[in-house]
Each structure stands twice: as structure tokens, then as C-alpha cells.
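Here's the structure we're looking at; comments come further down.
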Amino acid sequence: MWNFPLFPDQASTNAARVDALFLFELGVILFFTLAVCLAIFVLVVRFRRGRIVDRSGPPLEARWLEVTWIVIPLILSMIMFAWSADVYFRLYQAPPDAAEISVVGKQWMWYLQHPEGRSEINQLHVPVGRPIKLKMTSQDVIHSFYVPAFRIKQDVLPGRYTTLWFEPSKVGTYHLFCTEYCGTSHSEMIGTVTVMEPAEYDGWLAAGGAGPSQADEGERLFVQHHCAGCHRGSQVVNAPRLEGVYGKPVPIQDGKEVRFVTADDRYIRDSILMPRQEVVAGYQPVMPSFQGQISEPDLLKIIAYIKSLAAKETGTVR
Ligand code: CUA
């Protein structure tokens, strides 16, 4: 049977919005392309050499025509601007209650971990009707996370976190592609996204075994890499405590100045790998760098652990 779908499934809440904008722009482009082609054709035929037509007194000025071809494209481009800005903000601003899944791209596979602890390779299982936020990074080169059925695509970069969010609206299995050329087996860096009913999804999560959550694994690494010795244990080394710090402004000594940065994923990652770069005011730059010693998935686990400490109040510990 002839099977050549022009559009992928519309399987996320934003998919129809992206398609509507695309079809509108395609319509505008087709209209003007056809109009220009038609005008060229008519004029070529009408004024071809040898044809007897009145070529005297060509019009040198037509104000109504100039106003028309300025005002109509202006209105059309302003409609496209406002419309696409609206779609863009919807696509790139995750709702605050979105569940956060970690994604690490590497040559040539996708590693994903759910906050509950279950991890997957080249597969992603998500529940229908719940917003999902992906926190993504790469272990080597630039990759790009692309799920056509959700109409989402975002570069995955080494050395920093990018995010992407979607709310699946239709149960099914959809393609996942790497869409940034990343070496020999780029074309094999593919996978599937499976959207399940929430109850089925909970069963799938439970089937992974009641292993430690991502934050619990992070705590284990926190101890294993001797972070705990200074950051929560004895006071032999004076190091900032991490309870309640996530998402809050941190005072940073910048020469003689003190400036504030937010203790977000980026800041925690850089503090582990480049601890001398942004030292908290009032502390000595004594922390060693962990560059090359902690893998990207493990960094995400440690960040999840520090984030889980956010609920605990700073005031309760010394
Ligand atoms: Cu990874 Cu292409």
C-alpha cells in the first residue's frame, strides 16, 4: 500500500500550533510565488519582440502601487512575527510542574534517566497528558534531539545544559532522531519515544525495580567523590553548605566586587568542574577540580541530589 504521510503524527499539545503556522507561511509563499510567476509570464508574452503593442509613455510613478506593496507585506510579516513569537514561547517555556528527565547524548547513543531512577538507552517512555522537561547535555560533540511527532528539536551541547519540553497528547510510539551530524554513525543515533497511559507508565516505572532514585544515586556519588567531607561533614575545611542553595542567589567574589549568580544547574556543574571560577564570597578557593573524573550522567545525578536538598532549610544546619 502506498504510504507516504506528508506530516508526522501530531502527538504533542504544541504540534497543531506549529503546523498551523507552517501552513500559513507556506500559503503566503505559494501565493506570492505564483503571482510573480504569473506576472512574468503575462508580461513576457504581451511585450515580446515583434508584437505590436503601445510602448509609449510607460508609467513612471504609481503611488497607490508602492503603498500597496509596502503595506501588505508589512502586515503579513507582522502577523508572522507575532504568531511565531507566540509559538516559540509556548515551545521553549516549560511549565513549572513539568517532570524532569535527564538526557546525555554521546557517539552514538542517547542515555536517559528518569527522576525515579530508571534509565534507558535510545528509548524514552513518558505518560500521556503530563508535561515533560528534558535537561540535556553531550559527552562529546554536538548532537540534536528531535522528535518530529512532538514538533520539538534542540541542540545538545558538550559543556552546558539545554532544555526542551513537551506534553504528549497521543498514546503511541514515535521516532527519535539525532539531527546534528555527529560522526560516522550519526544516522544510527536514533530511537523511539513511547507515550503510555499514566497507569501503564507507573507500571513500567515500577517494573524497573525499586532502585534508588536519581537523587539517591547522586548522594552516593557525593559521598564517593568526597564532596560530603567538606560540604556537609566536619568543619575542618570551611566549605559552603548546600542545603537550600538550589535556585537561590549566591554571592560570588569577583575581584573586589561581590556579585550574585543563581545556583542553577549551570552553576553547580561549573562549580564541580571549574571550582576556582566562581568562588562564594567569604570562602577560600581550595576546592579541587573534578574535570574528567565525573561522567555527564553522574554530574546530572549529583545536581539532582543537590536540588533535592533545596527543600531543606539552610537555617537548620550550621
Ligand atoms: Cu548525534 Cu548525530
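The values are calculated or read from the model by the stated rules, or taken from the named source; none is laboratory data. Predicted, not measured: the structure shown is a model, and the values here were computed from it. Positions of Cβ are backbone-derived with ideal geometry, glycine not excepted, and every protein chain shown enters the neighbour counts.
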Condition (residue is within 16 Å of the ligand (Cβ to nearest atom) and either farther than 29 Å from Asp270 by Cα or surrounded by fewer than 16 Cβ atoms within 10 Å (Cβ to Cβ) (or both)) applied to region 101-121: is it met by at least one residue? yes
Quick check, is Pro148 outside the structural domain of Pro297 (by TED's automatic domain parsing), more than 25 Å from Glu296 (Cα to Cα) and within 16 Å of the ligand (Cβ to nearest atom)? yes
Among (1) in contact with a helix residue (DSSP H, G or I) (Cβ under 6 Å, 6 or more places away or on another chain); (2) more than 16 Å from the ligand (Cβ to nearest atom), there is one condition Thr137 misses while meeting the rest; what is its number? (2)
Looking at His186, is it more than 18 Å from the chain's Cα centre (by Cα) and either more than 16 Å from the ligand (Cβ to nearest atom) or on the phi > 0 side of the Ramachandran plot (or both)? no
Residues in region 118-140 that are under 22 Å from Ser187 (Cβ atoms), outside any strand (DSSP E or B) and in contact with an Asp or Glu (Cβ under 8 Å, 6 or more places away or on another chain): how many? 1
Complete set of residues in region 216-267 that are crowded, with 17+ Cβ neighbours inside 10 Å, assigned to a loop (DSSP other than H, G, I, E, B) and of a type in the set (D, E, K, R): Glu243
In region 268-281, the residues that are under 18 Å from Glu296 (Cβ atoms) and not in a loop (DSSP other than H, G, I, E, B): Ile268, Arg269, Asp270, Ser271, Ile272, Leu273
With the requirement that a residue be within 16 Å of the ligand (Cβ to nearest atom), in a loop (DSSP other than H, G, I, E, B) and free of Cβ contacts under 8 Å to residues at least 60 places away in the same chain, what does region 165-183 give you? Thr179, Glu180, Tyr181
Those residues that are within 29 Å of the chain's Cα centre (by Cα), outside any helix (DSSP H, G or I) and free of Cβ contacts under 8 Å to residues at least 60 places away in the same chain, I need them from region 5-56; list them, please. Pro5, Leu6, Phe7
